[in-house]
Amino acid sequence: MKPQPGLSFISFTLAVVSIASMIASAGETDLPDAKPVPDMQVIPLPYDQASFQYRGRELTRFHFSPTLTRPFLSPVIGPAGCSYTRMGHPHDPQGHSHHNSIWISHVNVNETDFWADRTGARIVCRQIDRYEDGMKQASLLCTNAWQNAQSETLMLERRRIEVVPLEVGQWMMTIDLQLEAPGKTPVKLGETPFGIIGVRVAKTIGVNDGGGRILNSKGRINEKQIFRKPARWVDYSGPITAQQTGGITLMDHPGNPGHPTPFHVRNDGWMGPCLTLNEPLTIEPGKPLRLRYALWVHEGVPSRNDVEKLYRPFAESKPPNMQPKRPH
C-alpha cells in the first residue's frame, strides 16, 4: 500500500492500522480449528542443527552434522540469557578441542578412542528419527554410528534428548542413551575415567578462572574432595554475568550401571560421570545398554537441598520408548 497524493503520513498510518485490524479480526473467525502453539518446540535448522526453544527463545541447540567428530549441544542458555557452557578449554583450545560444551563420547570402545580429536574415530549421526513438540517438553530421537578410522561401525547408539522448561528461565534436559552391538560381536567399554558424558562450563563459572564452586550429593566441595568420588549428582556454579550467578547440575540415574558413579571433575571447568572407571562394561548382541542422565540449568548457587528437590523426581523417572515412531 502506497500513500496517495494529498494523504498525510498520519492518515496513511491510521489507514494501515485499520486494515491490519480488519485482517486480524477476520483471521479469528477464519481459523475455527486453530490449535494451541506448543510452548516447547524443537526446530530443524540448516547445516544439520536443531534448536530447542521455549516460546520462541532458544535454550540449546543440537549439532549433528555427519562431518563432525561427534554430535554436541551448544549453546546452553541459562536464566542470565547467555551460554553456561563453552567449546574447548579456555587456556588449551587445541589440546582440549574435544570438549564440545555438552557431548557424549568414550575413550575406549573396543580399544578405539572416541574421546580425543584427530584419532580418526567419529560418532556419525545417521538420521534424526523424530522431533516432538509440546506444551511442557520437546524432544528429538536420533541414531548414531560409532565408527573407527576405517569407517567400520563398532557400536550403534540411539539418543533421545528432552528439554523441559522450569520457572524463571531455568530448565531441565534429560539425555537417554541406548548402546548396541551392531552385529554378532560384543562391544567392550574399557576401564577409563573419560566417558560417557562431558560438560565444559563457561569460563567464568570455573573454580580457577571465575571463583566458582563444585558441589556433589555428599556435600563435598571442589576438585580435591570430589575428584573420582561416587555421587548421585554434581553441581558446577559460579559467576555468569557481572550481576548474576548460575550453573549446571549433572545427575546420574539410579538405573545406570555402578550408580552412584564416580565423577571426574576439574577446577578448570569441566565435569563428567565415569561410567567405567573401575571395571569394563560389555554390551552383548541383542542386549542393549540403557543409560539416563539429566542436566539442570539454573540460576544462583544451589544448596544440596535445592538440588535434591529436583533430583528425587528424576531418580524415580522411567526411561522412555527409544523406538522410532512410524509416520501417520
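Numbers below:
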read-out	value
Surrounding net charge for Thr69, when Lys and Arg each add one and Asp and Glu each subtract one, Cβ distance under 13 Å	+1
The stretch 54-212 shape via C-alpha gyration tensor axes, a/c threshold 1.5	oblate
Gained length - Arg126 relative to Lys309, 0.36 nm times residue gap less alpha-carbon distance	62.2 nm
Label-point separation, Met135 to Gln150 (7 Å along Cα→Cβ), nm	5.5
Out-of-range pairs (alpha-carbon distance over 26 Å; input Lys35/Lys136; Lys203/Lys229; Lys136/Lys203; Lys229/Lys309)	Lys136/Lys203
Within-12-Å neighbourhood charge of Gly183 [Cβ basis; K, R +1; D, E -1]	-2
Cα-based shape type of the stretch 237-314, given that a ≥ b ≥ c are square roots of the gyration tensor eigenvalues and the cut on a/c is 1.5	prolate
Packing rank of 204-213, 49-58, 230-239, where each peptide gets the mean count of other beta carbons within 10 Å, highest leading	230-239, 204-213, 49-58
Prolate/oblate/rounded label for the stretch 118-229 (Cα gyration tensor, a/c 1.5)	oblate
Sequence of Glu132, Glu111 once ranked by neighbouring C-beta atoms within 10 Å, starting from the fewest	Glu111, Glu132
Inter-centroid distance (Cα atoms) of the stretch 249-322 relative to the stretch 158-188, Å	11
Tilt relative to the chain, helix 304-316 - C-alpha long axis, 0 to 90 degrees, to 10	90
Exposure proxy order (Cβ contacts within 10 Å, fewest to most) of Ser101, Ser83	Ser83, Ser101
Residue exposure sequence - Glu279, Glu162 - by fewest surrounding Cβ within 10 Å	Glu279, Glu162
Sites Asn278 and Thr119, calculated FRET efficiency, Cβ-Cβ separation with R0 25 Å, nearest 0.05	0.55
Degrees separating the helix 9-30 axis from the principal Cα axis of the chain, which is the longest one	60
Taking the stretch 159-306 and dividing mean pair separation by its residue count, relative contact order in percent (alpha carbons under 8 Å, at least six apart)	34
Environment charge of Ser51, counting only residues whose C-beta is closer than 15 Å and scoring Lys/Arg +1, Asp/Glu -1	-3
Fluctuation leader among Gln170, Gln150, Gln178 - the chain, Gaussian network, Cα springs under 10 angstrom	Gln150
The stretch 40-316, relative contact order [Cα under 8 Å, separation at least 6], %	17
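No value in this document is a laboratory result; all are computed from the given coordinates. Note that the coordinates shown come from a computational prediction; the quantities given were computed from them, not determined experimentally. Ideal geometry is used to build each Cβ from the backbone, glycine not excepted, and the neighbour counts take in all protein chains shown.
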